[in-house]
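Please treat every number below as a calculation from the coordinates, not as lab data. These figures come from a predicted structure and were not determined experimentally. Virtual Cβ from ideal backbone geometry, glycine too; neighbours counted across all protein chains shown.
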C-alpha cells in the first residue's frame, strides 16, 4: 500500500514540475517553482513565489516607464497648443489632466515594482495542493494569455503608428 501511494505522489510531483515549466505562475500556485531567468541563462532552478514575482517586476517597471514618457508628451503637447482660444484652453486642460492620469498609472506601477522586488527574500511558504483549484486556475491563465496577447498586439500597433508619424515628420524636415 505504501509503494502504491509513493508512486502516485511521485507521478503527481512530476506532473506539477512539468506544468511548472509551461506555466511559471502555475508553479507558484502549486508551491513548486521551476523558473528560468535571464541571469540563469536558461538553466532551471527552484524558486519561491517571492523570487518569481521579483523577476516579473520588469513588466510593471516597463509600463511605468512608458506611462511616464506618455505623460511628458501630453504636457509638451499642452504647452504647444497653449491657451489662446477657448478651444485651445479646453484641449490644454484635458491634456494636463490626462498627463496626471498617466503619471498616476506610472506611480502605481512603480509601487508594484517596489513591492514585487521586496518579495525576493521571502521564505518559501507552504502551498497545500489540496486547496488549489486547477480548473479555475486554468481558466484564469487562458484569459490572462488572451489579454496579454491582445495588449501586446495593441502596443505593437501603436508602435507602428508612432514610427509612421516619426517617418512623416522626418520627411517633412528634409523638405524644409
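Once the chain from residue 72 to residue 125 is taken as fully extended at 0.36 nm per residue, the excess over their C-alpha distance is 14.9 nm. Length gained on full extension, residue 153 to residue 62, computed as 0.36 nm times the residue gap minus the Cα-Cα distance: 31.1 nm.
Normalised Debye scattering of region 105-176 at q = 0.28 Å⁻¹ gives log10 I(q)/I(0) of -1.07, counting only Cα atoms as equal scatterers and leaving out solvent.
Eigen-decomposition of the gyration tensor built on the alpha-carbon atoms of region 50-120 gives equivalent ellipsoid semi-axes of 35, 9, 6 angstrom, largest listed first. In this rough spin-label picture, where each label sits 7 Å from Cα along the Cβ direction, the residue 167-residue 143 distance is 3.9 nm. Model label sites at residue 85 and residue 101, defined 7 Å from Cα along the beta-carbon direction, differ in position by 2.4 nm.
Taking the fewest neighbouring Cβ atoms within 10 Å as the starting point, the ordered list for 70, 59, 86 is 86, 59, 70.
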